[in-house]
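The values are calculated or read from the model by the stated rules, or taken from the named source; none is laboratory data. Here the structure is a predicted model, which is why all the values come from computation and not from measurement. Counting neighbours? That spans all protein chains shown, and the Cβs are built from the backbone with ideal geometry, glycine included.
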Amino acid sequence: MRKLGRWLALIFATMAYSQAVCAQPLTLMTWNMQWLTLSPSVLATPRTLTDYAAMRAVLKRHSPDILAFQEVDSPEALQRVVGPTYQLYFSDRRQAKYAATRQFNGVNQYTGIAVRKGLTVSDPQDVDLLPKQPRSKLRFATYIMLHTAKQDIHLLSVHLKAGCVTAYHANSHSCRRLKQQGAALNQWIQQRVLQQQAYIILGDVNHQLAYPTDWLWKRITQDVTPVPILSSRYTMSRCIARSASLPTRTVTYRHLVDHIIHSRDVVMRSAEQQHFTRQDVLKYHLSDHCPVVTRLTGDVSK
C-alpha cells in the first residue's frame, strides 16, 4: 500500500506540475541555427564549446516553452544549446527509411520542435511540403500538437526553399518549388479550418511574407476564411550576422524571412526579433539568423 501511495503521489505531482506550466502564458521562439552539427564540413563550420555556451545564453534570454528550430543535424548537437529540460521532436525526414531518398550524405538540415518538459504534446506525422517529389531532399514541416485545457494547438516548424526572397519568377526553379510548398501549407491550413482547429506555423520561410501584396502570402492564405494572422508582419529586422565572405566583418539583414503565422483563435503578441550585438557576432559562431519570439497571451489552461 505504501508503494502504491508513493506512485499515486508521484502521478498527481506530475499532473499538477503540467497544469501549472500550462496555466502560464507560453513563450514561442523560432530560430534557424545555421548548420548546427557535431560533424562539421565545408558548409558547416565547427563550433567550439564557447560558441555553444553563447547560443545557450541567447536561448535563455527568453527561455522559450516551445522552440521551432531549423538547420539542426542531430539531437546531440541541439542538446548542447537547449540542455536537458526540453523534449526534442525532430523531422520525420531524419528517420532511417528516408536515408536513401530524402537525406543528403553527411550533414543534413532538419527542422524540429523542442518542447519544455511538463507540457503535453502529441507527435503526428510530419507534413511533406513536396509530396509529388518523392526524392526531394528539401525539408519537411515538423508537426506537433500542444494540448491544453483551453484548446489543442497544431504547430509546424518550417524551413522553405531558398532563392526566391521577393518577386515570383516563373523561370526560377527556387520560386516554383517555393510556390509548391506554399500550396502544401495552404492545404494544411484548410484542413485545420475545416476541422475548427487552432494552428501556428513558425520558421524560416526564406521569403519576405510581410511585403505588401506578397504573392507567397496570397498562396498560403488562398481561400482561407478567416485569413490567418502574420504575427511577424510588423517585426523590425535588424539582424547582425558575420559576413560569409569577410569573417572579420558583419552584415545587417533588414528584411525579415523568419515568420510566425497563426489562426485567429490563438491570441498572441506581435512577434519580435532578438538581435545579436556586433561584438558577440564577431566573437562567437552564433547564426546568420536571429531568433523571432512571441508569447501566447492569457491563461491557456482555461
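Cβ contacts < 8 Å: first residue in contact (Cβ under 8 Å) with a residue 60 or more places away in the chain and of a type in the set (Asp, Glu), restricted to the stretch 195-207; second residue surrounded by 21 or more Cβ atoms within 10 Å (Cβ to Cβ) and assigned to a strand (DSSP E or B), any location; separation 6+ or different chain. Result?
If the second residue must be surrounded by 21 or more Cβ atoms within 10 Å (Cβ to Cβ) and assigned to a strand (DSSP E or B), the pairs left are Asp204/Thr30; Asp204/Asn32; Asp204/Gln70; Asp204/Glu71; Asp204/Val158; Asp204/His159; Asp204/Asp258.
Go through the stretch 75-183 and tell me which strands (runs of 3 or more DSSP E), entirely inside it, have 2 or more residues that are more than 16 Å from Gly203 (Cα to Cα) and acidic (Asp, Glu).
Working: elements: 86-90, 110-116, 120-122, 142-147, 152-159.
In the stretch 75-183, no matching strands (runs of 3 or more DSSP E) lie anywhere.
Anything in the stretch 64-78 that is surrounded by fewer than 21 Cβ atoms within 10 Å (Cβ to Cβ) and among the polar types (S, T, N, Q)? List them, or say none.
Kept after step one, since they are surrounded by fewer than 21 Cβ atoms within 10 Å (Cβ to Cβ), are these residues of the stretch 64-78: 74-77.
If the condition is that a residue be surrounded by fewer than 21 Cβ atoms within 10 Å (Cβ to Cβ) and among the polar types (S, T, N, Q), then Ser74 is the only one that fits.
Just need a number here: residues in the stretch 234-245 that are surrounded by fewer than 17 Cβ atoms within 10 Å (Cβ to Cβ) and either under 19 Å from the mean Cα position of the chain (by Cα) or at pLDDT 95 or above (or both).
Narrowing the stretch 234-245 to residues surrounded by fewer than 17 Cβ atoms within 10 Å (Cβ to Cβ): 234, 236, 238, 243-245.
Narrowing the set further to residues that are either under 19 Å from the mean Cα position of the chain (by Cα) or at pLDDT 95 or above (or both) leaves 234, 236, 238, 243.
Total meeting the criteria: 4.
Look at Ala149 and say whether it is at pLDDT below 95 and of a type in the set (Gly, Ala, Ser).
Working: at pLDDT below 95: yes; of a type in the set (Gly, Ala, Ser): yes.
So Ala149 fits the description; yes.
Would you confirm, using the coordinates I've provided, whether Leu185 is aliphatic (A, V, I, L, M) and under 16 Å from Trp217 (Cα atoms)? Step through it out loud before you land on a result.
Working: aliphatic (A, V, I, L, M): yes; under 16 Å from Trp217 (Cα atoms): yes.
It is true that Leu185 is aliphatic (A, V, I, L, M) and under 16 Å from Trp217 (Cα atoms).
Residue check, Ser174 against (1) closer than 18 Å to Met29 by Cα; (2) more than 20 Å from the chain's Cα centre (by Cα); (3) of a type in the set (S, T, N, Q), all met but one. Which one?
(1)
How many residues are touching a Gly at 6+ places or on another chain (Cβ under 7 Å) and part of a loop (DSSP other than H, G, I, E, B) when one looks only at the stretch 40-74?
The qualifying residues number 1.
One residue is enough: does the stretch 94-111 have a residue meeting the conditions farther than 17 Å from Leu209 by Cβ, at pLDDT below 95 and aromatic (Phe, Trp, Tyr)?
The answer is yes; a qualifying residue exists.
Within the stretch 112-136, how many residues turn out to be at positive phi and at pLDDT below 95?
0
Val81 is checked against (1) of a type in the set (Val, Ile, Thr); (2) touching a residue at least 60 places away in the same chain (Cβ under 8 Å); (3) surrounded by 23 or more Cβ atoms within 10 Å (Cβ to Cβ); (4) touching a helix residue (DSSP H, G or I) at 6+ places or on another chain (Cβ under 6 Å) and fails just one. What number does that condition carry?
Val81 satisfies every listed condition except (2).
Restricting attention to the stretch 204-238, which residues are more than 18 Å from Ile66 (Cβ to Cβ) and in a strand (DSSP E or B)?
Leu230
Would you pick out the residues in the stretch 188-203 that are outside any helix (DSSP H, G or I) and either of a type in the set (S, T, N, Q) or closer than 19 Å to Arg176 by Cβ (or both)? Break it down stepwise before answering.
Step one: of the stretch 188-203, the residues outside any helix (DSSP H, G or I) are 195-203.
Passing the criteria: Gln195, Gln196, Gln197.
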